[in-house]
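Remarks on the structure that follows.
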């Protein structure tokens, strides 16, 4: 048995005894298929992480006082440290999606009185450019080296409740969005998959049709991630409002998204999933600080999500955080996995982008499995064990050799002996108590 470190090195460990175990059957049915995965997401830290060139932060008064004290006061991160962290984010954890936040601080007052004619001198891009150059482009390059592609969302998020009245006008909001999109495309070759009109708010919803038409007419593949409500119930309220006030806007939606801060449960997950089916688009859970594998299981199986994230990629702290995947120590000398890293890794390192979820049932309420057919046709099964050690019989697992590993909340992950399955054979697996165990017929090659 071996433990897998964040950097991918192997450390010998003493084998763990499983104790008395009950027998459970998991039955796979690869003919019953659900959603295709885009993968694990993270928000690019809204306070830029910089290594070489310090960004010019917005002048006083352009962002909320409670955030202004942070901007410009942090120290640079050593380039080698950030590079290694991004390696782990992509090649160890399995990051596939990024959310890049923008906000009203980027336009220095109304650039001019004509929303059809943009004055580029009226926009402030230093902060955005730092986020793109330090995080987005390096992550994109690594994901492509892995053989996948970056799924990019731009979210109008930072201080949207402080948006000035003139920017709440549909024409002015559309001008703001067009300017940001053109800047990302023309300077960096980035065309986002999704645009969020207003993070956890109605901000910009009235501009959806106007902006959606412009996107189509100008050859942008970008579509809207909507409703992006603060919780499941509010998300459904935004959907109902859109249907009543802007029914033609639905044609421009590319993903049905929600957060889970507070009210709502599986009934609301089902309603959002069903609306996405009507639209012919995917679903995603796009923010919950502290979300872990229990919620991930519900979002995968009840809402059929294709994308999922907690919140930020990384923060600065002297102890593990619950809303990020990594934290950098205040002295900038090291970084570490945040809370929940190892359990989430058991899903996203092995469930590759493009994997399709298939049916798997369990005879025990304590064992919560999900299964996927990977892009190269092999199968991966991830089992969340909420109880004691279990002896598991896997029915209908395709013949082949499976890499087996598991992790508990405290980590690190541990490798077990490979599982060899003959045609028509039931596979027997010992699942340790309170862990996430993964079997994959196509382990990562990076």
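The condition (being under 24 Å from residue 314 (Cα atoms) and either at pLDDT 95 or above or touching a strand residue (DSSP E or B) at 6+ places or on another chain (Cβ under 6 Å) (or both)) is satisfied by just one residue among 438, 329, 361: 329.
For the range 348-365, the count of residues that are without any contact (Cβ under 8 Å) to a residue 40 or more places away in the chain and more than 15 Å from the chain's Cα centre (by Cα) is nonzero. From the list 10, 16, 26, which one is modelled with pLDDT under 85, assigned by TED's automatic domain parsing to the domain that holds residue 425 and over 30 Å from residue 143 (Cβ atoms)? Checking each option against the conditions leaves just 16.
Each residue in the range 185-197 was checked for being surrounded by 23 or more Cβ atoms within 10 Å (Cβ to Cβ) and in a helix (DSSP H, G or I), and 0 of them qualify.
Once the range 198-229 is narrowed to residues that are assigned to a loop (DSSP other than H, G, I, E, B) and modelled with pLDDT under 95, the residue that is farthest from residue 263 (Cα to Cα) is 204. Screening the candidates 333, 310 for the property of being in contact (Cβ under 8 Å) with a residue 60 or more places away in the chain and surrounded by fewer than 24 Cβ atoms within 10 Å (Cβ to Cβ) yields one hit, 333.
Against the conditions (1) touching a residue at least 40 places away in the same chain (Cβ under 8 Å); (2) farther than 16 Å from residue 38 by Cα; (3) surrounded by 14 or more Cβ atoms within 10 Å (Cβ to Cβ), residue 98 satisfies every one except (2).
Condition check for residue 388 on (1) in a loop (DSSP other than H, G, I, E, B); (2) farther than 21 Å from residue 29 by Cβ; (3) touching a residue at least 12 places away in the same chain (Cβ under 8 Å); (4) within 29 Å of the chain's Cα centre (by Cα): one failure, at (4). In the range 150-161 there is at least one residue matching the filter, namely being more than 16 Å from the chain's Cα centre (by Cα) and assigned to a strand (DSSP E or B). For residue 256, state whether it is free of Cβ contacts under 8 Å to residues at least 60 places away in the same chain, part of a helix (DSSP H, G or I), under 29 Å from residue 295 (Cβ atoms) and touching a strand residue (DSSP E or B) at 6+ places or on another chain (Cβ under 9 Å). Here the answer is no, as residue 256 does not meet what is asked.
The values are calculated or read from the model by the stated rules, or taken from the named source; none is laboratory data. Being a predicted model, the structure only gives us computed values, none of them experimental. Every residue, glycine as well, gets a Cβ built from its backbone with ideal geometry; the counts of neighbours run over all protein chains shown.
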